[in-house]
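Comments concern the structure below.
Every number here is computed from the coordinates shown, using simple stated rules; none is lab data. All of these numbers come straight from a predicted model, not from anything done at the bench. Note that we place each Cβ from the backbone using ideal geometry, even for glycine, and neighbour counts take in every protein chain shown.
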Amino acid sequence: MTAIIKEKSGINKELIRKLKLSTDEYLKIVELIGREPNDIELHMFSVMWSEHCCYKNSKVLLKEFPTKNKYVAIGPGENAGVIDLGAGIKIAFKIESHNRPTAVEPFQGATTGVGGILRDIFTMGARPIAVLDSLRFGDLNKSRSRFLFSGAVNGIAHYGNCTGIPNIGGEAYFYPTYNENPLVNAMAVGLIETDEIVKSNASGLGNPVLYVGSKTGRDGLGGASFASSGLTDKSHKDRPAVQVGDPFTEKVLIEACLEAFKTGHIISAQDMGAAGLTCSTSEMAAKGGVGINIDLDKVPIRTENLTPIEYMLSESQERMLFVVKAGFEKEISEIFKKWGLDSVQIGEITKGNNVTVKHKNKIVVDIPAKALVNDTPVYKREVKIPDYYKENQSFDQNLVPDLKQDEVLPMLKDLLASPNICSKKWIYSKYDHDVQTNTVIKPGSSAGLIRIKPLHDVVASTSKKCVAIPNDSRISDRDCFVANTPRSPRLRLVGTGNDIATKGLAVSCDGNSAYVYLDPYLGSKIAVAEAARNVSCIGAKPIAITDNLNFGNPEKPEIYWQMSESVKGIKEACIEFNTPVTGGNVSLYNETNGIDIWPTPVIGMVGFINDVTLGIDHSFKKAGDVILLLGKQKSEIGASEYLYLRTKQIKGRVPELDFNLEKIVQLSTRELINKKLIKSANDCSVGGLLITLCKSAFQNDLGFVISLPTNTQSRLDSLLFGETQSRIIISIDKSNLQAVEKHLNKLKCPYQTLGEVTDGNVIINSLNINVQISELKDIWEKALGNYFN
């Protein structure tokens, strides 16, 4: 077959190379469709067979993930995963990346990353109720890193704020490995508003295909292929592959789509994201086992003289494709007209299973949908353990001198000023957290917490019983208060707010890439454990995850080994916590001039709390409260931020993880919160014990006095700054101490009393440290902003 390419003069070998298709892949295309593809079809195959669309280098690994538990209603394979919390409450959620676009054009790259993940959510029939962002950028001492970072943060703020979606949390890390290839992972959560979850599989011979939303232009051309290749010195020329977002159009698109879905006339829906019309038409047809016929001359455009390739590959934002029940096209179009959006029938569902495209009254594409979607290449690559990993296994922390007593305070201040530890208020102060009035715990705590309000009827309560009242009922304003809901802006809830128990959702994004680089298997297990721990610190039970796997070039055996080990670690942790993977995203080829980023899996964890009023945050509340540490102290400094600052290297053994201990600590915390016995809970992670205590004290300008354990052989630096896992710091009223200890002993949860909360100083008795909390808070709070002043 190779001879075909050599002998036939009509084949454009240069085009095949440019489209990043291998010779074997081209030959497979010829075999699947029984002929040579034309240039339009070849472009369609190139995007649909890109890593970004078909996961050809990761599909084998992803099959290992657990995907089911009693909460999962929709798992991997749809636009987003869905969990069912009972009482008619279903939640859609997903995380996705927009890494390469952000590296080229940070504002639009990040902006359209948020827009894309929101469309994945409301395509399911869910109203977006929260977003989070997980960010990785380079050394902030470099002007380019600052440019990329500030542009991305402003882009995230712009889109989320304009669409009216609260940003309730996230994380940010800064290492040189991300200098040229930053990572922007956006997560969104939505509340299903429709009676049935909207899916993407087309059906119904003769049913019309409607194009709705914004017009098509040339922006975002080849975005999927661009996202499936590494960065080079010439990547700035790929700016046309970066999409341009309009959040105000997205806002009305959300309202129009949800209104259309509620008619019951939409059979299937698909966002025109990566690969645009190519992906939406072929995926809907392939999933439904039907054919689809579209006419490009009917597609609304904002740029004249588009070629068929440009039509099919454009990634212009805020566009959707619907399959509508025949006879209801006008009703649906009237909805979109009301919202000022295009709604045009561009095709119909046909017999067979081909995607057929017309342009200027000629058929320019006629290929099987399954060839584009189901018959993609799948690669299981060679693995090789990297040399750096083998070398790091011999790390001996005893060769690193322990901290001296007089070095503790300077080290504490250096850590508080580290971009990886300092306050991220510079980031999240740009985001709106309170829009929709559902946010209970805002960014800055262990996890975000949102209230799940009723969508349909008003709930009236005068006792412990609740009665549904239709929205049009005439009721007295006496003893009423107003609550905004997505469905009806002003619904009245009779009685006092305390009469009505509201459910809540806690959400966290986590992934320590330094851990994963040094030990992909253990580091990835910790990523899941920490995400679950953060949700548990709020008082919520972890129930499911979405993941974003950001890795380098999988064709390198060392990188594929990192991927394999990471997936193995995530799988094992998800099984242990019974938190299945409901979907997510894979971003590969994150490399610049052949140099790969650290492996960076990001875990988006959702947790459920039955009564949102029970949720607590991380902050100490009152002087005199007792401080306890749940878990065990170990002598570990490997992979820590402390060791990184001290040696200027990421090295050392990643902290151990004991699943049994982890689950006991998390369960104990959740049960103590549910019993209203503790006032705060804070995950002890990056920076270690002393950093976590400081962060717990900063919010309410309180201090603490602690005594270090005297019956331990641990190093001083490991006690204060080591990042031993499965530890949570809690604060309790003295009157509850006996009840707390009784409960911890019952669950066999190890703990120790550290000290108590004070009015304003940090005091460590055994080290003769006494410093004002305001001095430490000033360092921590201003550190990130100082890079931009």
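Separation of segment 626-646 from segment 72-120 is 34 Å, based on Cα centroids. For Asp402, no residue has an amide H sitting under 5 Å from its own, ignoring neighbours fewer than 5 places away on the same chain, with H placed 1.01 Å from N.
Assuming a ≥ b ≥ c are the square roots of the Cα gyration tensor eigenvalues, decide whether the chain counts as rounded (a/c under 1.5), prolate (otherwise, with a/b larger than b/c) or oblate. Cα axes put the chain in the oblate bin. 3J(HN,Hα) along segment 502-512: 10, 7, x, 10, 9, 9, 9, 10, 8, x, 8 Hz, from the Karplus curve 6.51 cos²θ - 1.76 cosθ + 1.60 with θ = phi - 60°, whole Hz, x for Gly and Pro. Here the Karplus relation 6.51 cos²θ - 1.76 cosθ + 1.60, evaluated at θ = phi - 60°, turns the backbone of segment 357-362 into coupling constants of 10, 10, 8, 6, 6, 10 Hz, with x for every Gly and Pro. By the rule of a C-alpha distance below 24 Å, with chain neighbours fewer than 8 residues away ignored, the lysines paired with Lys425 are Lys142, Lys413, Lys442, Lys621, Lys622, Lys679, Lys695, Lys777, Lys782. Using just its DSSP H runs of length 4 or more, each adding -39500 (n - 2.57), the chain gives a mean residue ellipticity at 222 nm of -10000 deg cm²/dmol after division by all residues.
Just the number, please: percent antiparallel of the DSSP beta bridges in the chain, rounded to the nearest 5.
Here the share of antiparallel DSSP bridges comes out near 80 percent.
Is any residue of segment 738-776 close enough, with backbone N under 18 Å, to a label point placed 7 angstrom from the Cα of Asp406 along the Cα-Cβ axis, and if so, which? So the set is 766-771. The lysines within cross-link reach of Lys287, meaning a Cα-to-Cα straight distance under 16 Å and a gap of 8 or more places when in the same chain, are Lys199, Lys351, Lys370. Please work out the FRET efficiency for the pair Ser707 and Lys262, using the Cβ-Cβ distance as r and a Förster radius of 41 Å; give the result to the nearest 0.05. With a Förster radius of 41 Å, E is 0.10.
For His743 and Arg35 in the same chain, what is the full-extension length gain: residue separation times 0.36 nm, less their Cα-Cα distance, in nm? Kindly include the intermediate steps, with their values, before the conclusion.
Working: separation 708, 0.36 × 708 = 254.88 nm, distance 7.13 nm.
Length gained between His743 and Arg35: 247.8 nm.
Given a Förster radius of 35 Å and the C-beta distance between Lys675 and Ser394 as r, what FRET efficiency does 1/(1 + (r/R0)^6) yield to the nearest 0.05? Intermediate values should be presented prior to the final figure.
Values: r = 47 Å, r/R0 = 1.33.
After rounding to 0.05, the efficiency reads 0.15.
Here the label points at Asn610 and Asp84, each 7 Å from Cα along the C-beta direction, are separated by 1.9 nm in the simple model. Each label was represented as a point 7 Å from its Cα along the Cα-to-Cβ direction; for Asp366 and Ile595 these points are 5.2 nm apart.
Around the amide H of Thr758, modelled in the peptide plane, lie the amide H atoms of Gly624, Gly703, Phe704, Val705, all under 5 Å away and 5 or more residues distant in sequence or on another chain. Label zone (Ala417, point 7 Å along Cα-to-C-beta; backbone nitrogen cut-off 14 Å) within segment 636-659: 645-646.
Please give the contour-minus-distance gain from Arg302 to Arg146: 0.36 nm per residue of separation, less the Cα-Cα distance, rounded to one decimal in nm. Write out the running numbers ahead of the final one.
On the way: separation 156, 0.36 × 156 = 56.16 nm, distance 3.42 nm.
The Arg302-Arg146 span can extend by a further 52.7 nm.
In the chain, taking the dipole from charged Cβ atoms about the Cα centre, the farthest positive-side position among Val242, Ser513, Pro76 is held by Pro76.
Taking square-rooted eigenvalues a ≥ b ≥ c of the alpha carbon gyration tensor, is segment 586-656 rounded, prolate or oblate, where a/c under 1.5 means rounded and, failing that, a/b exceeding b/c means prolate? Working shown, then result.
Working: a/c = 2.92, a/b = 1.48, b/c = 1.98.
Here segment 586-656 falls in the oblate category.
When both segment 351-424 and segment 724-763 are represented by their alpha-carbon centers, they are found 37 Å apart. Fully extending the segment from Phe788 to Lys330 would add 159.6 nm, taking 0.36 nm per residue of separation and subtracting the current Cα-Cα distance.
The dipole here belongs to segment 503-618: it is taken about the Cα centre, uses +1 on the Cβ of Lys and Arg and -1 on the Cβ of Asp and Glu, and is about 340 debye. Would you work out if segment 666-760 is rounded, prolate or oblate? Take a ≥ b ≥ c from the square roots of the eigenvalues of the alpha-carbon gyration tensor; rounded if a/c is under 1.5, else prolate when a/b is larger than b/c, oblate otherwise. It is oblate, given that a/c is not under 1.5 and a/b is not larger than b/c.
So what is the orientation-averaged projected area of segment 90-206, using the convex hull of its C-alpha atoms, in nm²? Don't jump to the answer; show the numbers that get you there.
Details: hull surface 34.2 nm².
So the mean shadow area of the Cα hull is 8.5 nm².
Note on segment 248-303 and segment 650-719: Cα centroid distance 48 Å, given to the nearest whole angstrom.
To the nearest µm²/s, what D does Stokes-Einstein give for segment 292-415 at 37 °C and 0.692 mPa s, using the Kirkwood radius over alpha carbon pairs as Rh?
Details: Rh = 20.9 Å.
Here the translational diffusion coefficient equals 157 µm²/s.
Once phi is turned into θ = phi - 60°, what whole-Hz ³J(HN,Hα) does the Karplus curve with 6.51, -1.76 and 1.60 give for every residue of segment 399-406, x standing for Gly and Pro? With coefficients 6.51, -1.76 and 1.60, one gets 7, 8, x, 5, 5, 8, 4, 6 Hz. Straight-distance candidates among the lysines for linking to Lys384, with alpha-carbon spacing under 24 Å and chain neighbours fewer than 8 residues away dropped: Lys56, Lys59, Lys63, Lys525, Lys556, Lys568, Lys571, Lys651. Label sites at Glu196 and Asn765, each approximated as a point 7 angstrom past Cα along Cα to Cβ, lie 6.8 nm apart. Charge dipole of segment 264-363 (Cα centre as origin; +1 on each Lys and Arg Cβ, -1 on each Asp and Glu Cβ, all else neutral): 260 debye, rounded to the nearest 20.
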